[in-house]
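Trainee: For reference, the structure I am asking about is given below.
The values are calculated or read from the model by the stated rules, or taken from the named source; none is laboratory data. Quick caveat, the model's predicted, so the values are computed rather than measured. We place every Cβ from the backbone using ideal geometry, glycine too, and count neighbours over all the protein chains shown. Calculation scope for accessible area: heavy atoms of the full protein, side chains included, ligands and nucleic acids excluded. Shrake-Rupley method; radii C 1.70, N 1.55, O 1.52, S 1.80 Å.
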Amino acid sequence: MCLTHTVALALAVGYTVGMTANQVLEISRTSHGETRVVDDELGELAEGSVRLKVDRFSITANTVTYANAGDMLGYWDFYPSGTEGWGRTPAMGWGEVAESNHPDVEVGGRYYGWYPMAQFVDMTVSVTPTGLRDDGDHRAAHAPVYRTLEAPAADPLFPDSLAADAVGDVEDRHALVRGLFMTGYLSAAFFQSHDWYGTPTAVLLSASSKTAIGFADAAQRLGASRVVGVTSPGNVDFVSSIDAYDSVITYDQAQAGDHDITSGVIVDMAGNRPVLAALHEKLGDSIGYSMMIGMTHHDVPQVEVSSGPSPQLFFAPTAMSEMSQAGTDTAALQADAASSLAAFVEASHEWLEVDRVAGAEAAAETWEAVHGGTLPPNIGRIVSMHS
């Protein structure tokens, strides 16, 4: 349900009224399927700040996970709403500097990163070798990767040169899959750094998710001998069509033990505890490692996992630090990740159709569809709050 109201933010914080109207999609922090559109007025820019026009952003199952894990991992702190009970979920996308009060940041600069689902956002920034960093006090506690905005010309993960007619499509696909692929790639690299815990079969829950597809793609090249996708019956054909999976089973089969998996590592993108618990019950200590990444199944019972190794939450910055300390060549890993991402983005044309929508109502409808699991997995929704 989408509720619209007006917030007199300009008066509340002493800004000059009428500088820039701004619509923001907010999410209920207690009922994540509920949204509202807030009308802000952004005031005069503070010294060292920029006003970014949020051009467009993706809404994926991962975006919903930011809400589901918002309290646990601090995602609500990225862009505080200032209103109790409502939050501004970050989304990956593109923005342009519409106004600058920073001596080293020019109007018109374009950047990839995490934005609020809004028309505009103000940030206090500093310039970095690859773009900008949000230096707001509310962001200080977060890892640098979550605070940076990347300029395409300096971004090691963005193509060096593109035909003019290809830029929009590549930007859309980066908004949709880049962050998710990198999470999948780094989690696969984590397993590689541990020799797949001696059991190089990977079992992925929520196999139709973009993060899982990214993991499966990377795992095939990073030493996994078999990648098994676990998905809903309606997504079996889609998941089976993706070359990165060796076999596919349904959640019902996984829960009933109707499969030929005897050992492996488990990567849970779904947060489906009953299925995860059933896999643990059947495989027990034959599970080399159990990793939690996503929460696409946010409405299932939270049962206890009592057999096998305790599931561990994967956090990419922490994993990168651990791998580096253990001797992983970080520069080589980053170079391989960049080339792998480029290949993955190109290959996504085979299974991912980009669908652009515009306006606050379309943004709210997209959130509802993704949160409710009704958007087909082969559709990637790109949203602009600008009509």
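Trainee: Output the number of residues of segment 197-215 satisfying the condition of being more than 17 Å from the chain's Cα centre (by Cα) and over 12 Å from VAL227 (Cα atoms).
Mentor: Within segment 197-215, residues that are more than 17 Å from the chain's Cα centre (by Cα) and over 12 Å from VAL227 (Cα atoms) number 2.
Trainee: Here's another thing I want to ask about it. Let me confirm something: among LEU341, LEU333, which residue is under 16 Å from the mean Cα position of the chain (by Cα), among the aliphatic types (A, V, I, L, M) and under 26 Å from SER187 (Cα atoms)?
Mentor: LEU341
Trainee: Can you tell me which residue in segment 28-62 is most open to solvent (accessible area, probe 1.4 Å), limited to those that are part of a strand (DSSP E or B), within 14 Å of THR83 (Cβ to Cβ) and charged (D, E, K, R)?
Mentor: Looking at the filtered set, the residue picked out is ASP39.
Trainee: Let me confirm something: among ASP122, ASP134, ASP71, ASP77, which residue is free of Cβ contacts under 8 Å to residues at least 40 places away in the same chain and either open to solvent by less than 10 Å² (accessible area, probe 1.4 Å) or more than 25 Å from VAL170 (Cα to Cα) (or both)?
Mentor: ASP134
Trainee: What are the pairs with Cβ atoms under 6 angstrom where one residue, in segment 340-364, is closer than 24 Å to ASN235 by Cα and the other, located anywhere, is in a helix (DSSP H, G or I) and not hydrophobic (A, V, I, L, M, F, W, C)? Sequence gap at least six, or different chains.
Mentor: PHE344/ASP217; VAL345/ARG173; SER348/ARG173; VAL354/ASP172
Trainee: Answer with yes or no whether ALA277 is of a type in the set (A, V, I, L, M, F, W, C), more than 20 Å from LEU180 (Cα to Cα), open to solvent by less than 50 Å² (accessible area, probe 1.4 Å) and in contact with an Asp or Glu (Cβ under 8 Å, 6 or more places away or on another chain).
Mentor: In short, yes.
Trainee: Oh, and also: What tally of residues in segment 246-274 results from selecting those that are in contact with a Pro (Cβ under 7 Å, 6 or more places away or on another chain) and of a type in the set (Asp, Glu)?
Mentor: Residues that pass the stated criteria total 1.
Trainee: From THR128, THR89, which residue is out of contact with any Lys or Arg (no Cβ under 9 Å at 6 or more places or on another chain), open to solvent by less than 40 Å² (accessible area, probe 1.4 Å) and within 17 Å of MET385 (Cα to Cα)?
Mentor: Within the list THR128, THR89, the selection yields THR89.
Trainee: Moving on. Do the conditions hold for GLY308, that is, is it touching an Asp or Glu at 6+ places or on another chain (Cβ under 9 Å) and surrounded by fewer than 17 Cβ atoms within 10 Å (Cβ to Cβ)?
Mentor: Judged against the criteria, GLY308 is not a match.
Trainee: Now for a different question. For segment 214-234, how many residues are crowded, with 24+ Cβ neighbours inside 10 Å, touching a residue at least 40 places away in the same chain (Cβ under 8 Å) and assigned to a helix (DSSP H, G or I)?
Mentor: The qualifying residues number 4.
Trainee: While we're on this one: Inspect segment 93-116 for any residue being in contact with a helix residue (DSSP H, G or I) (Cβ under 7 Å, 6 or more places away or on another chain), surrounded by fewer than 21 Cβ atoms within 10 Å (Cβ to Cβ) and within 27 Å of ALA61 (Cβ to Cβ) and give the result as yes or no.
Mentor: Yes: segment 93-116 contains one or more residues that are in contact with a helix residue (DSSP H, G or I) (Cβ under 7 Å, 6 or more places away or on another chain), surrounded by fewer than 21 Cβ atoms within 10 Å (Cβ to Cβ) and within 27 Å of ALA61 (Cβ to Cβ).
Trainee: Still on this model: So, in segment 167-206, how many residues would count as being open to solvent by 10 Å² or more (accessible area, probe 1.4 Å) and in a strand (DSSP E or B)?
Mentor: Total meeting the criteria: 1.
Trainee: Separate question: Within the set of pairs 6 or more residues apart or between chains, which connect a residue that is within 15 Å of GLU353 (Cα to Cα) inside segment 160-183 to a residue that is part of a helix (DSSP H, G or I) and small (Gly, Ala, Ser) with Cβ atoms less than 6 Å apart?
Mentor: From residues that are within 15 Å of GLU353 (Cα to Cα), the pairs are ARG173/SER348; VAL177/SER348.
Trainee: Scan segment 235-265 residue by residue and report those that are open to solvent by less than 70 Å² (accessible area, probe 1.4 Å), among the aliphatic types (A, V, I, L, M) and under 18 Å from GLY308 (Cα atoms).
Mentor: ALA254, ILE261, VAL265
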